[in-house]
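As structure tokens, the structure follows; a few thoughts come after it.
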Amino acid sequence: MNSNEIIERIKQTESPLKRQLLMVALITRLLEQKGKEAPIVIGGCALSYYTREVYFTADIDLAYADREALDTVLKEIGFMKEGRYWVNEEIKLAIEVPASVLIGEDSPVEIVELAENLQCKIIGIEDLIIDRLNACKYWKSEIDCEMVELLIKRYTKELDGDYLEKKAVTPENDVLSELLELRKKVE
């Protein structure tokens, strides 16, 4: 599939999450063709993926360091910069790049295969849980509190507990007591 075929597929796809992931897969392919790394889906779009669309977000949040390369690719496929967002009016998608990288070189990612030679990377479930626990604790975001509980319930057997606890105690997070309380609650 070439870029135009992928964009047509995005236009015909009903699932908002699948539309978003297909777009990230296209961006990934175009960046990799330029010898660049793949971006990583973070934030609400990642939450939508792991909750199987229980949570919905209108934009795609990416972590990516080489903004110049990403900007070039986004322009090539019809996105225009509007404030902090890149917007493609024709296909009704918006992208924000709030982070340059994931914190920690050991941050696991999920690779999602969408079609042959079409994939994207999503922040690992443990890092997403820590991110949402921070929003719950420090921003007093009730929806994030609920989503963390849902994620822990749904993925409890797959979670890397040691990694989660290691991340939860770092000074920038400091959410271990909240994590342990939620894990106890869902057991």
Checklist entry - Under the condition of being among the small types (Gly, Ala, Ser) and within 9 Å of the chain's Cα centre (by Cα), which residue from the range 13-51 is farthest from ALA69 (Cα to Cα)? => result SER48
Item to check | Residue list for the range 134-172, filter: under 21 Å from LEU62 (Cβ atoms), touching a Leu at 6+ places or on another chain (Cβ under 8 Å) and not charged (D, E, K, R) | outcome: MET147, LEU151
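Residue-wise test of (1) in contact with a strand residue (DSSP E or B) (Cβ under 6 Å, 6 or more places away or on another chain); (2) of a type outside the set (Gly, Ala, Ser); (3) under 14 Å from LYS121 (Cβ atoms).
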position	(1), (2), (3)
GLN12	no, yes, no
GLN20	yes, yes, yes
ASP59	yes, yes, no
LEU62	yes, yes, yes
GLY78	yes, no, no
Item to check | Only one of ILE95, ILE130 that is touching a helix residue (DSSP H, G or I) at 6+ places or on another chain (Cβ under 8 Å), outside the structural domain of ALA46 (by TED's automatic domain parsing), surrounded by 12 or more Cβ atoms within 10 Å (Cβ to Cβ) and modelled with pLDDT of 95 or more | outcome: ILE130
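Only residues that are assigned to a loop (DSSP other than H, G, I, E, B), in contact (Cβ under 8 Å) with a residue 12 or more places away in the chain and farther than 18 Å from ILE7 by Cα: list them for the range 59-84, please.
TYR64, ALA65, ASP66, ARG84
Scan the range 2-58 for residues that are of a type in the set (Lys, Arg) and outside any helix (DSSP H, G or I) and jot them down. Quick ask: steps written out before the conclusion?
As a first pass, look at the range 2-58 and keep what is of a type in the set (Lys, Arg): 9, 11, 18-19, 29, 34, 36, 52.
LYS34, LYS36, ARG52, listed by residue number.
Of the residues LEU70, LEU22, which is out of contact with any Phe, Trp or Tyr (no Cβ under 7 Å at 6 or more places or on another chain) and surrounded by 15 or more Cβ atoms within 10 Å (Cβ to Cβ)? Before you say what the answer is, go through the steps one by one.
On the way: LEU70 fails: out of contact with any Phe, Trp or Tyr (no Cβ under 7 Å at 6 or more places or on another chain).
Selected residue: LEU22, the only one of LEU70, LEU22 that is out of contact with any Phe, Trp or Tyr (no Cβ under 7 Å at 6 or more places or on another chain) and surrounded by 15 or more Cβ atoms within 10 Å (Cβ to Cβ).
Quick check, is GLU53 closer than 25 Å to GLU146 by Cα, acidic (Asp, Glu) and modelled with pLDDT under 95? Give the steps one after another, and end with the answer.
Values: closer than 25 Å to GLU146 by Cα: yes; acidic (Asp, Glu): yes; modelled with pLDDT under 95: yes.
Against the criterion (closer than 25 Å to GLU146 by Cα, acidic (Asp, Glu) and modelled with pLDDT under 95), GLU53 qualifies.
The values are calculated or read from the model by the stated rules, or taken from the named source; none is laboratory data. Only a predicted model underlies this, so the values are computations on that prediction, with no experimental measurement involved. Every residue, glycine as well, gets a Cβ built from its backbone with ideal geometry; the counts of neighbours run over all protein chains shown.
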